[in-house]
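Enquirer: A single structure is presented below for examination.
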Amino acid sequence: MDLTRDAAAALDASDPLAGFRSRFTGTEDDGGDGLLYLDGNSLGRLPRDTPAALSRVVEEQWGRGLIGSWASWIGEATRIGDVLADGVLGARPGEVLVGDSTSVNLYKLLLAAIGARPGRDVVVCTADDFPTDRYIVAGVAEAQGMTVRELPADIDEGLDPATLAAALDERVAVVVLSHVAYRSGAKADLAAITRQARDVGALVLWDLSHSVGSVPVELAAAGADLAVGCTYKYLNGGPGSPAFLYVRRELQDELRSPIRGWFGHRDQFAMGPAYEPAAGIERFGVGTPPVLASAAVEVGARLVAEAAIGRLAEKGSALTDLAIALGDEWLAPHGVVLASPRDPARRGSHVTFHHPAAWQLTQALIGSGVVPDFRTPDRVRLGPAPLYTRFVDVWDGMDRFRALLEDASFERYPAERARVT
Ligand SMILES: Cc1ncc(COP(=O)(O)O)c(C=O)c1O
């Protein structure tokens, strides 16, 4: 690979997605914030269409329409769910619902899935999954008197399929697993694991937070049963934007949501005496949808659909390949080690590096205008979002990383991790 900045600029010049950068704020077209923002997998940039979409809802629907706009709000969770299903998740209409947080959706679908597998007393997860997933699994299992099989997973390479195979038997009700690991970006084989679990009669509940909008998910083709995920990362829905949940059509009537809110009722405004679940995906609704924030999710989902997930994944691989090659060349001599799978087919769109002073390096990078993320125990995570990150941004970010190591200026930053991040 040609590792010159000119070669990176040439990749930008031939990038079919290059035009999407100007659809985001903070880029050159609106003055630019000058940041090398490599944290699109934590919080995506603001799409330029989002403020107008939000003010349409605020000024027209709320300001002028008042409660008369209710009719257009009530179906938003499924309407925007269908936008995600079709353009991003490879699911069928009526299989995706937008609302609540990823944590709450995980809780709902986990309990619903356990209810659909009576007599089974084990939930499988990995010891290295995102904390909220592990905490929810542990809490639900405790309340249900079930056992958790928490499998060891390599923090850089992900779960070994043989480890999972050995843990699957007729006692397992549900497997909870991230498709792309939050720290390393290691990608699990969604279709193969779905089949493996089905062979023992178990369901898999996928956390797609780090794969949605960055790699093809193709839930229908994989025959996936259940999934949840965030919309504020690669979908650019904004801070705290509502999450989504997916339930395979054929499974929906079998599953009962553990939160019997009126938005999951068959005839919500009948105000009836008892809960009766709606048919289809709507039964997983709970309460009044976050209408404002949902408008931002729609803008983000449509942008990803327009760019096309195949092209985004291809660029994501190329961006992270470049970061890895530069890391080998410039950072490895200073003791920085790749902490993600080297094979692009086994990664999502982010890449992680290991160094004992990762906390200081992360703060030093931020101080020099590069925005990565620190992840415990000692990792620097780079999430170049293919919709708006250029190859030269990766090159420049890695160049500043190298400079901080060469002059040891990162050592001026506190070595102790601050508690807020
Ligand atoms: C894999 C994964 N799951 C869940 C979450 C958090 O979900 P919530 O929106 O409920 O905070 C994150 C947040 O970064 C995540 O990375």
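The values are calculated or read from the model by the stated rules, or taken from the named source; none is laboratory data. Everything numeric here is computed off the predicted structure, so don't read it as measured data. Using ideal geometry, Cβ is built from the backbone for each residue, glycine included, and neighbour counts are taken over all protein chains shown. Side chains included, ligands, DNA and RNA excluded: accessible areas come from the protein's heavy atoms. Shrake-Rupley method; radii C 1.70, N 1.55, O 1.52, S 1.80 Å.
Enquirer: Can you tell me which residue is least open to solvent (accessible area, probe 1.4 Å) among those in region 22-52 that are within 20 Å of SER241 (Cα to Cα) and β-branched (Val, Ile, Thr)?
Expert: Step by step, filter region 22-52, then rank; the result is THR50.
Enquirer: Is there a residue in region 196-209 that is in a loop (DSSP other than H, G, I, E, B) and within 16 Å of the ligand (Cβ to nearest atom)? So that I can check it myself, show each step before the final result.
Expert: Of region 196-209, the ones in a loop (DSSP other than H, G, I, E, B) are 200-202, 208-209.
From the residues that got through so far, the ones that are within 16 Å of the ligand (Cβ to nearest atom) too are 208-209.
Checked against the condition, which is being in a loop (DSSP other than H, G, I, E, B) and within 16 Å of the ligand (Cβ to nearest atom), region 196-209 yields at least one hit.
Enquirer: Please go through region 242-286 and pick out each residue that is within 16 Å of the ligand (Cβ to nearest atom) and open to solvent by 10 Å² or more (accessible area, probe 1.4 Å).
Expert: Just the residues of region 242-286 that are within 16 Å of the ligand (Cβ to nearest atom), to begin with: 242-246, 259, 284, 286.
Scanning region 242-286 gives ILE259, VAL286.
Enquirer: All but one of (1) more than 22 Å from PRO131 (Cβ to Cβ); (2) within 16 Å of the ligand (Cβ to nearest atom) hold for ASP169; which doesn't?
Expert: With (1) more than 22 Å from PRO131 (Cβ to Cβ); (2) within 16 Å of the ligand (Cβ to nearest atom) applied to ASP169, the lone miss is (2).
Enquirer: Residue pairs, Cβ under 6 Å, 6 or more apart or interchain, first in region 125-138 and under 10 Å from SER103 (Cα atoms), second modelled with pLDDT of 95 or more and more than 8 Å from the ligand (Cβ to nearest atom). List them.
Expert: ASP133/VAL176; ILE136/TYR107
Enquirer: Could you tell me whether region 19-36 includes any residue that is under 26 Å from the mean Cα position of the chain (by Cα), assigned by TED's automatic domain parsing to the domain that holds GLY94, more than 19 Å from THR320 (Cβ to Cβ) and not aromatic (Phe, Trp, Tyr)?
Expert: no
Enquirer: Moving on. How many of the residues making up region 257-294 are of a type outside the set (D, E, K, R) and farther than 30 Å from LEU46 by Cβ?
Expert: So the count comes out to 19.
Enquirer: Could I ask something else about it? Quick one: which residue in PRO333, PRO356 is at pLDDT 95 or above, of a type outside the set (S, T, N, Q) and not in a helix (DSSP H, G or I)?
Expert: PRO356
Enquirer: Still on this structure, I have one more. Do we have ILE324 as over 23 Å from PRO16 (Cβ atoms), without any contact (Cβ under 8 Å) to a residue 60 or more places away in the chain and outside the structural domain of SER184 (by TED's automatic domain parsing) here? If you could, list the steps in order and put the result at the bottom.
Expert: Working: over 23 Å from PRO16 (Cβ atoms): no; without any contact (Cβ under 8 Å) to a residue 60 or more places away in the chain: yes; outside the structural domain of SER184 (by TED's automatic domain parsing): yes.
Answer is no for this residue.
Enquirer: Do you know which residues across region 337-352 are outside any loop (DSSP other than H, G, I, E, B), touching an Asp or Glu at 6+ places or on another chain (Cβ under 8 Å) and open to solvent by less than 10 Å² (accessible area, probe 1.4 Å)?
Expert: THR352
A quick yes/no check of all residues on (1) buried (at least 16 other Cβ atoms within 10 Å of the Cβ); (2) in the same structural domain as GLN360 (by TED's automatic domain parsing); (3) out of contact with any Phe, Trp or Tyr (no Cβ under 6 Å at 6 or more places or on another chain):
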{"position": "TYR388", "(1), (2), (3)": "yes, yes, no"}
{"position": "VAL392", "(1), (2), (3)": "yes, yes, yes"}
{"position": "TRP395", "(1), (2), (3)": "yes, yes, yes"}
{"position": "MET398", "(1), (2), (3)": "yes, yes, yes"}
{"position": "ARG417", "(1), (2), (3)": "yes, no, no"}
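Enquirer: Name the residue, out of GLY327, GLY316, that is open to solvent by less than 30 Å² (accessible area, probe 1.4 Å), touching a Pro at 6+ places or on another chain (Cβ under 8 Å), closer than 30 Å to PHE401 by Cα and assigned to a helix (DSSP H, G or I). Break it down into steps so the answer makes sense when it comes.
Expert: On the way: GLY327 fails: touching a Pro at 6+ places or on another chain (Cβ under 8 Å).
Of GLY327, GLY316, the one residue that is open to solvent by less than 30 Å² (accessible area, probe 1.4 Å), touching a Pro at 6+ places or on another chain (Cβ under 8 Å), closer than 30 Å to PHE401 by Cα and assigned to a helix (DSSP H, G or I) is GLY316.
Enquirer: If you don't mind, there's one more thing I want to ask. Determine which member of the set GLY145, GLY229 is in contact (Cβ under 8 Å) with a residue 24 or more places away in the chain and within 11 Å of the ligand (Cβ to nearest atom). Quick ask: steps written out before the conclusion?
Expert: Working: GLY145 fails: within 11 Å of the ligand (Cβ to nearest atom).
The match here is GLY229.
Enquirer: Could you run through region 189-204 and say how many residues are under 30 Å from PHE374 (Cα atoms) and buried (at least 22 other Cβ atoms within 10 Å of the Cβ)? First the steps, then the outcome.
Expert: As a first pass, look at region 189-204 and keep what is under 30 Å from PHE374 (Cα atoms): 189-190, 193, 204.
From what is left, the residues that are buried (at least 22 other Cβ atoms within 10 Å of the Cβ) are 190, 193, 204.
Matching residues across region 189-204 total 3.
Enquirer: One residue is enough: does region 178-189 have a residue meeting the conditions among the basic types (Lys, Arg) and more than 16 Å from the ligand (Cβ to nearest atom)? Step through it out loud before you land on a result.
Expert: Filtering region 178-189 for residues among the basic types (Lys, Arg) gives 183, 187.
Applying the additional criterion that residues be more than 16 Å from the ligand (Cβ to nearest atom) yields none.
Within region 178-189, none of the residues are among the basic types (Lys, Arg) and more than 16 Å from the ligand (Cβ to nearest atom).
Enquirer: Here is a further query. Sort out which residues of region 373-416 are among the β-branched types (Val, Ile, Thr) and over 18 Å from LEU35 (Cα atoms), and write them in order of number.
Expert: Of all residues in region 373-416, those among the β-branched types (Val, Ile, Thr) come to 376, 380, 389, 392, 394.
Residue satisfying the conditions is THR376 alone.
Condition check ((1) within 19 Å of THR147 (Cα to Cα); (2) modelled with pLDDT of 95 or more; (3) more than 12 Å from the ligand (Cβ to nearest atom)) across all residues:
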site: PRO93; (1), (2), (3): no, yes, yes
site: VAL96; (1), (2), (3): no, yes, yes
site: ASN105; (1), (2), (3): no, yes, no
site: GLY115; (1), (2), (3): yes, yes, yes
site: PRO118; (1), (2), (3): yes, yes, yes
site: VAL123; (1), (2), (3): yes, yes, yes
site: ARG134; (1), (2), (3): yes, yes, no
